[in-house]
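The values are calculated or read from the model by the stated rules, or taken from the named source; none is laboratory data. Just so it is clear, the model here is predicted, and its values are computed rather than measured. For neighbour counting, all protein chains shown are included, and Cβ atoms are generated from backbone atoms with ideal geometry for every residue, glycine included. The area values use the complete protein model at the heavy-atom level, side chains included, leaving out ligands, DNA and RNA. Shrake-Rupley method; radii C 1.70, N 1.55, O 1.52, S 1.80 Å.
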Amino acid sequence: TSYKGYEVFAPGGRTFGGLWALIALKALENWDPHLNIHFSSSVEDLEVLVRLSREVDSETWIYDMANLDNPNFIGSKLTREYGKKIWDRVHAKLPSIGGPTIGTHSYHVIVADDEGNVVTGTNTINS
């Protein structure tokens, strides 16, 4: 299969490791990571990769030997469209970008001024 213009090869037959990697790469074609840093230096990028790993693992068909013996079936999974379906499931589970989610009963505020003074406060209802 291909990944962002590169031809990628993996072992075929009754082994799912290479196929697993190819499917993950097809999903990753839809992702724009922080290109100037290693993924291990970005909490957000690392979370994407962990969630992608879990999502590919949830593809139970990959562990069925009858599917691995069917090249037409495998070919139907190594497409941009199928990768996009997996990516959409990963993306839907990612936290939204922006500030923290406001809770239903408490919030905490931290304020600092130019002189280094810091004040914090927590407001909690019904506790």
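Rg and Dmax over the alpha-carbon atoms of the chain stand at 21.4, 69 Å. A dipole drawn for the chain from +1 and -1 charges on Cβ atoms has a positive end, and of Ser42, Phe16, Leu52 the residue lying farthest that way is Phe16.
Each helix, a run of at least 4 DSSP H residues, gives -39500 (n - 2.57); summed and divided by the residues of the chain, these come to -12000 deg cm²/dmol at 222 nm. The mean sequence distance of close C-alpha pairs (under 8 Å, at least 6 residues apart), as a share of the length of the stretch 1-68, puts its relative contact order at 33 percent.
Helix 80-93 and the longest principal axis of the C-alpha atoms of the chain enclose an angle of approximately 30°.
Here the chain exposes an accessible surface that is 57 percent carbon and sulfur, computed with a 1.4 Å probe and the other protein chains kept in place. A straight chain from Ser76 to Ser53 at 0.36 nm per residue would run longer than the Cα-Cα distance by 6.3 nm. Any idea what % of Cα-Cα pairs in the stretch 35-75 are farther than 13 Å? Distances greater than 13 Å cover 64 percent of the Cα pairs. In the frame of its principal axes, the stretch 1-47 has Cα extents of 35, 21, 14 Å, reported largest first. Excluding ligands, DNA and RNA, the accessible surface per residue across the chain is 71 Å² with a 1.4 Å probe.
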